[in-house]
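One structure is given below, encoded as structure tokens.
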Amino acid sequence: MIFLRRQVPLLITLITGIVFAAQYYVPHPASEQMLTSVTKWLQIIGGFALVLGVSSLFHVHAIKIRRKEAGWGYSFVLYVSMLGTIAVGLWSNGKEAVDGTMTAFGWIYNFMMVPLQGTMFAILAFFIASAAYRSFRARSREAAVLLIAAVIVMMGRVPLGEYLLPISGDLSQWILNVLNASVRRAILIGVSLGTVALSIKIIFSMERSYLGGGKE
Amino acid sequence: MTFAERMLKIDRRIIFLVIGFCTLLPLLYPVGLPIKISPEVRGVYDYIESLPEGSVFLLSLDFDPASKPELHPQAISLLRHAFRKNLRVIAMTLWVSGTGMADQVVTQVAREMGKESGKDYVFLGWSPGGTAVIINMGQDLYGAFPADYNGKPTKGLPVLQGIANLRDVSYAVSLGAGNPGVEAWYVFGKDKYKFELAGGCTGVMAPGLYPLLRSGQINGLIGGLRGAAEYEILIGQKGKAVAGMDAQSATHLAIIVLVIICNVFYLSLRKTTRQQAHSGT
Amino acid sequence: MPVETIIGAWVATGLTLFIFTFLYKDNPLFKLAENLYVGVSVGYTIVKTYDTVVVQLIWKPIVENGEWTLLIPVAIGLLMLTRYVPKAAWLSRYAFAFIVGVGSGLAIPRTISSFILKQIEDTVRPLMMLVPGEGVSFTWSLLNPASSLNTIIILVGVSSVLFYFFFSVEHTGPGKIVARTGILFLMIAFGAAFGYTVMARMSLLIGRLTDLIEFTDPSYGRPSLWLLGLTILTLVVMSRRSSNKQPKEEE
Amino acid sequence: MRGKGLGVKGKGSAVVQGPVVSGVAGSFARFFFLAACVTGLSHSVVFAQTPLALPQDVRAFDTPSDGGGSLTVLWSPAPYDSAAARYQVLLSEGTTVPDPAAMKVVAEFPANQHYVRESKWPWWTRPTTGDQHQFTLRSGRGVELKDGTTYSITVAAVQNDDRKIATPVQATPQPNWMNWNQVNNLLLALLFGGIVFYAISTARKREIFLRRIPGLDAVDEAIGRATELGKPILYLTGAHDMSDPSTIAAAVILGRVAKRTAAYETDLLVPHRDPITMAVCQEITKQAYLEAGKPDLYKDDSNFFITSDQFSYTAAVDGIMLRKKPAANFFMGAYFAEALLLTETGASTGAIQIAGTDSDHQLPFFVTTCDYTLIGEELYAASAYLSREPVQVGTLRGQDIGKALILGVLGIGTLLATLGVMLDAQWPQLFLDLFKDVK
């Protein structure tokens, strides 16, 4: 039983990992065919993964409602809006528009989801402004360098900045294209080494946290 | 409490109001400052200009409503340009919550330019799996998207004639707000299937894409609302991005002024505390 | 203008303003809008997933083209859902093992090619350039990203930042200088990111305000103005009430 | 672009004859030969309107390292190679060709194009010297090359009305099992994998040196100050769940912080966004108090769950900061847009703030609003430094070796590339090609 529960999954990871890493170097049509099928499978499995993510949300809020915890009314709102959206969506065959005319599902999308999600992040503009005033301080030489670079880029990326200080355009271009690019490149290389190391550890089962909890 | 301390402790809602007005006023009373074109954006424009009629242009709208103000105008300009050049347009999205928006923008621009779905362009919709979708399209486009957004089978669509997979795409642009986005299109797409690629992205993403731009992994980069405004100028059709540039100028200036005030107060505070410390001992 | 658009304009404006009330403080209007948002977007994702995965990717290919092999990923997907059945939860490991295995395998060569080799390739450039007519020379232009000077700057930047993230060498002696250079480069890049992020957030605000301005139009019935007044009124009433209640709650 | 008139073959330079090898074998020898040829060629002259002759040494073979459906033709450069003359590639099915003139023209281009050196092949897969002509024919528009079928293929030189067709040669397209162009990628993957394994096994056997992370000193200092002021400490573990490495690192560092707070008898507040992370962190905190010898001070509710919603969580934590005014705030793990809302409020209460995150998009805000920030990998390093777990330490060490190698390649590569330009030499490519992404 332990074998089925513990060793077999690790074996699956080992085999699939090696096979799909090796696939990259094999141009033969047979190997390409395998890649085609499996990526198609991954698309379908990806759909199930979404269900998994969503269901934990279901669970958390269901408990809240059942226990009538503080703010359970909001969880109720969440449930109603979700079920309502699903019902309307299925009724509209999952289409926001048919031949350019908006369906009821499209209405929910355009007039509820789009403004809600859009505004959620627009409020950050205000918080950046207040942080700019209250806490973006040059506490150290490093922070001072950061703030100066930030001011130059902010100037150089808007017409008024370039108008007031014509050199800021070229300067910010240079910062982005040369200084920023070199740092990002180093970070990219470092992160990639990390990714490759992690992938190797996963394939050779030195890293198992992805298997998650659940009793052995 | 000193003056500086008191000033630093003012209610932040006052700052909120300042920023609100800095955005609102230029939107209501635009000035229209000139906008310079950067080489990154010109790279995309020039490449589309150089494509012969009937080339395949793939636009992946990989964003959701949260990034709409930045990437929506980019999508409109790119589509207008591609349709004007009579390219065959394939549009799609890797972000599920962006599907409706992507459909809307494609349909709207196509209608405005008198293009027909299935013949001049196709909107494939969304498919789950993120990077797996890109690989699958590279292997077999019809396997990844058996039907387009409207449920029509993709096999046999006139616009897709002669296209088997991503290798047959002349130019792909990913408008990415995160992951999967521009980087994924390079790693899982261009790296193997060898189409030319460019990126459009939100301001948050833009600095991170410069290494790819330099190494030629993407041949152009449209960054944020500013990039969109530049593209609107390039195709000669000003839209929401150009209209927003004045407000962008005003808010940037406001932030810069706020940062400077903050540091002036901070430094003066530090000076006084140091002096006090000195005199105290 | 169609009625549904007018109603839509009112709803969209109202929800936008509800979220903006967070700027005043966390309050029931914001919480209502936030939960509505989560609910609607989850519902939307479920519908889209059903429509795309179940109908387009599974049902149609199997029924219409007889692609029975697609039952394999369906089975793997179902295994994933056993996570919620405590006794069979271990079965879900097979699914995760498969996904993670394939994902790791796909990632290794592609990451090396795109983010390591390509980036090294572009950093390793000759420090002298062959200028037509002048022969081999050193170019000083800062504005040309490919000039010799910029090549050196990039090389210094990449190397010093890579060195900064070295953990098995103490940053002393010459190492200290390199690491300090690295951190300066890092800070400049963070500054650029900072500037761009400010730009992005401001753009989002501009986008939302543009919509609100559009909805002040009489053809929609000026929802922005009416609802702005109503929202402010609600906030005032609520803050009055809570300030009356507060003393009692705090004993 | 280098080389003036390189394409034109100078007098006395040899044509490489012999069998065409598509593998790695023999490439070294070929390479040196190529270098010699190319360097000897720099002073050639382009003649206009040289009389046409038969294209020489036409060779055809299955394109190596591909999925089939493709053939490659090679032939020698000629004195008439210029924009004025043109080459045609001719193709027909079968091994015998009754009339070469009737073969299908599948490609036509100016005679000064399509050289081997223009192709992206690295030196170990180059079929011949760089000055030779090369054309790769692929299945596609108008041409179909079936795997396993033998084709006759040849090259014709055309100038004005003159057309000279070389004798057709035969070749069979085939799919291959290995893309030799990418062999450097494979070697690097194996090398790096080996390094990681080696480093981990070393770390299992003996202590590996890790430099002290300065941010950890700041942690002690902050806790000390909190004790002086008699105020609590706030610790956040980020937005992700326990499957994310950054959350794991945050939990490890929490163990260290909890040990200190136990020793100093300072209050610890850890609000959570994920119930599982909370459970794990409770265990870690309990253990830390035990190790500090103060199990009686441990409170189960110092770790508490708020909500999983991003902004509601933020508002609640901001509320805690304003009410309890912690002396130190720790932000470890992954953060999104809420980062600024948290740190800004924290800064306004005058707390010492220490952050550690790999969310690079939020790093600028942490750096400007916090007193100390662990940047990216420093977070993992700090956690490895504290936990001393061999796999973590070993991986870190392996990555360090990888970085050192890359630094070396950057240095040597730049030097060689510069020498290559200054001396107008090709041999540095021998090294540089190894680190190119070629397909």
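The values are calculated or read from the model by the stated rules, or taken from the named source; none is laboratory data. Just so you know, these numbers come straight off a predicted model, no measurement behind them. A quick note on method: Cβ atoms are made from the backbone with ideal geometry, for glycine too, and the neighbour counts reach across all protein chains shown.
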Go through the range A:61-85 and report how many residues are surrounded by 14 or more Cβ atoms within 10 Å (Cβ to Cβ), under 19 Å from C:Tyr84 (Cβ atoms) and either touching a residue at least 24 places away in the same chain (Cβ under 8 Å) or not hydroxyl-bearing (Ser, Thr, Tyr) (or both).
4
Test set (1) surrounded by fewer than 17 Cβ atoms within 10 Å (Cβ to Cβ); (2) at pLDDT 85 or above; (3) assigned to a helix (DSSP H, G or I) - B:Ala277 fails condition number
(2)
Can you report the number of residues in the range A:70-119 which are outside any helix (DSSP H, G or I) and within 25 Å of the chain's Cα centre (by Cα)?
3
For the range D:424-434, indicate whether the set of residues that are out of contact with any Ser or Thr (no Cβ under 7 Å at 6 or more places or on another chain) and free of Cβ contacts under 8 Å to residues at least 12 places away in the same chain is non-empty.
no
Whether any residue in the range A:134-145 is surrounded by fewer than 24 Cβ atoms within 10 Å (Cβ to Cβ), in a helix (DSSP H, G or I) and more than 7 Å from every other protein chain (Cβ to nearest Cβ) is what I want to check.
yes
With A:Leu198, A:Leu164 as the choices, which residue is more than 7 Å from every other protein chain (Cβ to nearest Cβ), at pLDDT below 95, surrounded by fewer than 24 Cβ atoms within 10 Å (Cβ to Cβ) and farther than 30 Å from B:Pro34 by Cβ?
A:Leu198
Failed criterion for D:Arg126 (all others in (1) more than 30 Å from D:Leu434 (Cβ to Cβ); (2) part of a loop (DSSP other than H, G, I, E, B) hold):
(1)
Qualifying residues in the range C:56-71 (those that are in a helix (DSSP H, G or I) and either surrounded by 15 or more Cβ atoms within 10 Å (Cβ to Cβ) or in contact (Cβ under 8 Å) with a residue 40 or more places away in the chain (or both)) - the one farthest from the chain's Cα centre (by Cα):
C:Ile62
Which of the residues spanning the range A:167-183 are more than 7 Å from every other protein chain (Cβ to nearest Cβ) and surrounded by fewer than 24 Cβ atoms within 10 Å (Cβ to Cβ)?
A:Ile167, A:Ser168, A:Leu171
Going by the structure shown, is C:Pro145 closer than 16 Å to D:Gly420 by Cα and either surrounded by 15 or more Cβ atoms within 10 Å (Cβ to Cβ) or at the interface with chain A (Cβ under 8 Å from one of its Cβ atoms) (or both)?
no
When residues of the range B:249-267 are filtered for being of a type in the set (S, T, N, Q) and either free of Cβ contacts under 8 Å to residues at least 60 places away in the same chain or closer than 17 Å to D:Gly350 by Cα (or both), how many remain?
1
Quick check, is C:Ile120 under 27 Å from A:Val26 (Cβ atoms), within 7 Å of another protein chain (Cβ to nearest Cβ) and not small (Gly, Ala, Ser)?
yes
Of the residues that make up the range D:90-102, is at least one within 39 Å of the chain's Cα centre (by Cα) and surrounded by 14 or more Cβ atoms within 10 Å (Cβ to Cβ)?
no
Quick check on the range B:197-251: of everything there that is among the charged types (D, E, K, R) and more than 25 Å from A:Ile123 (Cβ to Cβ), which residue is surrounded by the fewest Cβ atoms within 10 Å (Cβ to Cβ)?
B:Lys238
If I filter the range D:300-307 for residues that are part of a helix (DSSP H, G or I), surrounded by fewer than 17 Cβ atoms within 10 Å (Cβ to Cβ) and in contact (Cβ under 8 Å) with a residue 12 or more places away in the chain, do I get at least one hit?
yes
With D:Gly293, D:Gly333 as the choices, which residue is on the phi > 0 side of the Ramachandran plot, away from chain C (no Cβ under 11 Å), of a type outside the set (S, T, N, Q) and surrounded by fewer than 19 Cβ atoms within 10 Å (Cβ to Cβ)?
D:Gly293
For the range D:93-123 the number of residues that are under 26 Å from D:Asn179 (Cβ atoms), assigned to a loop (DSSP other than H, G, I, E, B) and not aromatic (Phe, Trp, Tyr) is 5
Which members of the range C:1-28 meet the condition of being part of a helix (DSSP H, G or I) and within 18 Å of A:Phe121 (Cβ to Cβ)?
C:Ala12, C:Thr13, C:Leu15, C:Thr16, C:Leu17, C:Phe18, C:Ile19, C:Phe20, C:Thr21, C:Phe22, C:Leu23
Any residue in the range B:83-102 that is assigned by TED's automatic domain parsing to the domain that holds B:Met113 sitting within a Cβ distance under 7 Å of a residue that is polar (S, T, N, Q) and assigned to a strand (DSSP E or B)? List the pairs, counting only those 6 or more apart or interchain.
B:Met92/B:Ser60; B:Thr93/B:Ser60; B:Leu94/B:Ser60; B:Thr99/B:Thr93; B:Ala102/B:Thr93
Just to verify a result, which residue in the range B:22-53, among those that are among the small types (Gly, Ala, Ser) and loosely packed, with under 13 Cβ neighbours inside 10 Å, is modelled with the lowest pLDDT?
B:Gly32
In the range B:172-196, residues that are in a strand (DSSP E or B), of a type outside the set (Val, Ile, Thr) and crowded, with 24+ Cβ neighbours inside 10 Å total 4
The range B:47-74, residues that are assigned to a helix (DSSP H, G or I) and free of Cβ contacts under 8 Å to residues at least 12 places away in the same chain:
B:Ser50
Scan B:Arg84, B:Arg6, B:Arg111, B:Arg12 and give me the residue that is among the charged types (D, E, K, R) and within 14 Å of chain C (Cβ to nearest Cβ).
B:Arg12
For C:Leu106, which of the numbered conditions (1) under 29 Å from D:Leu210 (Cα atoms); (2) at the interface with another protein chain (Cβ under 7 Å from one of its Cβ atoms); (3) crowded, with 19+ Cβ neighbours inside 10 Å fails to hold?
(1)
Which listed residue is more than 10 Å from chain B (Cβ to nearest Cβ) and either assigned to a helix (DSSP H, G or I) or farther than 17 Å from D:Leu407 by Cβ (or both), from C:Leu184, C:Leu209, C:Leu205:
C:Leu184
What tally of residues in the range D:338-376 results from selecting those that are more than 27 Å from the chain's Cα centre (by Cα), surrounded by 23 or more Cβ atoms within 10 Å (Cβ to Cβ) and assigned to a loop (DSSP other than H, G, I, E, B)?
2
